[in-house]
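The values are calculated or read from the model by the stated rules, or taken from the named source; none is laboratory data. Since the structure is predicted, the reported quantities are computational estimates derived from the model, not experimental observations. All Cβ positions, glycine included, derive from the backbone under ideal geometry; neighbour counts span all protein chains shown. Quick note on the areas: whole protein, heavy atoms, side chains included, nothing else; ligands and nucleic acids left out. Shrake-Rupley method; radii C 1.70, N 1.55, O 1.52, S 1.80 Å.
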Amino acid sequence: PNPFLPRPSSRAVRLHPAVASWFARTFPDGPTEGQARAIPLVAEGKDLLLSSPTGTGKTLAGFLAILSALLDDADAGTLGEGIQCVYVSPLKALVHDVARNLERPLAAIDPEGRLRVGIRTGETSASERARHVRAPPHLMVTTPESLALMLAAPRLRAPLARVRWVLVDEAHALAGTKRGAHLALALERLEERCAARPTRVGMSATV
């Protein structure tokens with residue numbers, strides 16, 4: 001057992017049926033240890049740092065309960081507009097990979113396209129940035145620097161006020177660095193403008 005992982009939650013996790021069905025089909029052997037420990041805590045709104053080896057599904061562990069909650073809201077007609085989840089990675093290439101890896105399961109679990117994924121990096125076009133204002137994605141995948149720029153954009157103040165979860169990947173690459181200090185400040189600024197304090201999930205294989 002990895003000592004950095006919190007102990008499993010005592011509460012059973014109810015995932016949205018479409019999410020649970022997709023996971024069972026895609027991973028017939030069931031969740032990894034990291035996923036089994038982390039998913040209940042994310043579902044309960046607990047902050048956590050998930051330290052688990054490469055290839056054990058850390059990113060999916062962070063997203064699974066969030067996708068489930070958003071689909072529950074969509075079914076209930078309470079999803080609304082605004083950015084609900086922000087995923088931050090210090091690696092621009094990982095940002096694009098994660099966005100693609102999100103869109104694949106979403107095509108299966110949300111064929112109606114009710115949940116939208118957006119990418120915001122220094123390479124994002126002006127037209128795409130404008131679309132983020134007109135129709136904010138529910139899940140925004142970005143870098144520390146782009147998150148800081150988003151917080152400085154007056155037109156994104158309202159969409160960012162609805163953030164409920166923040167996922168920080170590759171935490172070891174940020175801890176103890178100037179980029180990490182800037183991200184910590186950005187997360188405090190984000191929390192200050194949110195209607196409720198977002199749940200924070202850190203992920204790393206080597207932290």
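Structural remarks
- Net charge in the neighbourhood of V95 (other residues with Cβ under 12 Å of its Cβ; Lys, Arg +1, Asp, Glu -1) is -2.
- Excluding same-chain neighbours fewer than eight residues apart, the aspartates and glutamates reachable from K178 by a Cα-Cα span under 17 Å are E145, D169, E170, E188.
- Straight-distance crosslink candidates among lysines, where the alpha carbon sits under 18 Å from K46 and sequence neighbours closer than 8 are dropped: K58
- Protein accessible area in the stretch 1-122, 1.4 Å probe - carbon and sulfur %: 56
- Solvent-accessible area per residue in the stretch 138-207 equals 46 Å², computed with a 1.4 angstrom probe and all protein chains kept.
- Alpha-carbon Rg/Rh ratio, for the chain, with Rh computed the Kirkwood way: 0.94
- Computed over the chain: relative contact order in percent, which uses C-alpha pairs under 8 Å that are six or more apart: 26
- In the stretch 154-204, the portion of solvent-accessible area held by carbon and sulfur atoms comes to 56 percent [1.4 Å probe, whole percent, DNA, RNA and ligands not counted].
- Whole-angstrom gap from the stretch 113-151 to the stretch 161-207, using each part's C-alpha centre: 16
- Per-residue [θ]222 nm for the chain (sum of -39500 (n - 2.57) over DSSP H runs n ≥ 4, rounded to 500): -14000 deg cm²/dmol
- Ellipsoid equivalent to the stretch 87-131 - semi-axes via the Cα gyration tensor, in Å: 21, 15, 7
- Among T78, F23, P198 - extreme Cα towards positive end, dipole of the chain, charges at beta-carbon: P198
- Phi angles across the stretch 32-42 convert, under the Karplus curve 6.51 cos²θ - 1.76 cosθ + 1.60 with θ = phi - 60°, into 3J(HN,Hα) values of 6, 4, x, 5, 4, 7, 7, 4, x, 5, 4 Hz, Gly and Pro given as x.
- Full-stretch length increase - A196, E103 - with 0.36 nm per residue and alpha-carbon distance subtracted: 30.8 nm
- Amide H contacts of I119 (H built 1.01 Å from N, in plane; Pro and chain starts excluded): V141 sit under 5 Å, all sequence-distant by 5 or more or on other chains.
- Gained length - T177 relative to A20, 0.36 nm times residue gap less alpha-carbon distance: 52.7 nm
- Within the shell of other residues whose beta carbon sits under 12 angstrom from the beta carbon of H132, the net charge comes to +4, with Lys and Arg scored +1 and Asp and Glu -1.
- Gyration tensor (alpha-carbon) shape descriptor, the stretch 29-151, a/c threshold 1.5: oblate
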